[in-house]
1. Taking the stretch A:89-102 as the search range and keeping residues that are closer than 29 Å to residue A:8 by Cβ and not β-branched (Val, Ile, Thr), which one is nearest to the other protein chains (Cβ to nearest Cβ)?
2. Taking only the stretch A:62-82 into account, find how many residues are of a type outside the set (A, V, I, L, M) and away from every other protein chain (no Cβ under 14 Å).
3. So which strands (runs of 3 or more DSSP E) stay within the stretch B:19-66 end to end and still have 2 or more residues that are out of contact with any Phe, Trp or Tyr (no Cβ under 6 Å at 6 or more places or on another chain), in contact (Cβ under 8 Å) with a residue 12 or more places away in the chain and surrounded by 17 or more Cβ atoms within 10 Å (Cβ to Cβ)?
4. Which of the following residues is within 12 Å of chain B (Cβ to nearest Cβ), of a type in the set (A, V, I, L, M), in contact with a Ser or Thr (Cβ under 8 Å, 6 or more places away or on another chain) and in contact (Cβ under 8 Å) with a residue 12 or more places away in the chain: A:54, A:20, A:86?
5. The conditions are (1) at the interface with another protein chain (Cβ under 10 Å from one of its Cβ atoms); (2) touching a strand residue (DSSP E or B) at 6+ places or on another chain (Cβ under 7 Å); (3) closer than 25 Å to residue A:61 by Cα; (4) modelled with pLDDT of 95 or more, and residue B:79 fails exactly one of them. Which is it?
6. If a residue has to be within 14 Å of another protein chain (Cβ to nearest Cβ) and either over 10 Å from the mean Cα position of the chain (by Cα) or farther than 28 Å from residue A:131 by Cβ (or both) to count, how many in the stretch B:5-16 make the cut?
7. Quick one: which of A:72, A:43, A:63 is of a type in the set (A, V, I, L, M) and within 15 Å of the chain's Cα centre (by Cα)?
8. Checking residue A:48 against (1) surrounded by 15 or more Cβ atoms within 10 Å (Cβ to Cβ); (2) away from every other protein chain (no Cβ under 14 Å); (3) hydroxyl-bearing (Ser, Thr, Tyr), which single condition isn't satisfied?
Amino acid sequence: MSFRFAQEAIDTAASRAQLLDPGAGGFVTFEGWVRDFNEGREVTALEYEAFQALAVKEGERIVAEAAARFPVRHALCIHRVGRLALTDMAVWVGVSATHRGEAFDACRFIIDEVKHRVPIWKKEHYLNGDSGWVNCEACAAAPSHAHGAAAHAHGHEPNAA
Amino acid sequence: MQLKIQYYALMREQAGRSDEALETAASTPADLYSELQARYGFTLSREQLKVAVNSEFASWSRKLAAGDSVVFIPPVAGG
């Protein structure tokens, strides 16, 4: 059961091999890929940065929680840091379990918790040359952004003045 | 007392540095953030952040000691 960071492309074959177990009848993986759009903007590349000393501890707590909630044989999560291009793999989660149900459940639990709890940040680079830290720029500029979006939405309502 | 501060992501860019040794009178992470926000103009409010002391999540009212390492944690976006 562990969590770690990768500076280079994640070796999925080697990672999968670590989860092999004669008692496992199922193996589930999740791969997070770099996508070319987010929240209506065209993305050309991503940079991931992590506070690794705490991130590894929190990531390992998540994997241990998954193992406590679901009877899995092995679980591993690997997250990239550095600059990634479109289609690159940003995160890999693998779970082996006696039965497939636990493997699916634990895999889903791990990726959902990692996204919410582990101190990792993502900077998006956009087609127009801009860039921004996901979840940071928008909320920092929340008053103008939120109002602008609301006004825009209202403007399309049939009964809007 | 002297503290070690590390900055990540948006806050690293706004502070213009990754880390610093800071001489401060701030006795809690909350006081420290107020001091640093005034200095660097951080756009994130304290309510949007978490804080870690010595590489563990900590409360904003924890008493800081000389030599502590403090990291402010902006909203995360892994995956």
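The values are calculated or read from the model by the stated rules, or taken from the named source; none is laboratory data. Treat the numbers as computed from the prediction; the structure is a model and nothing was measured. Note: ideal-geometry Cβ built from the backbone for every residue, glycine included; neighbour counts use all protein chains shown.
1. A:90
2. 6
3. Hits in the stretch B:19-66: B:50-53.
4. A:54
5. (4)
6. Going through the stretch B:5-16 one residue at a time, the tally reaches 6.
7. A:63
8. Result: residue A:48 fails condition (2) only.
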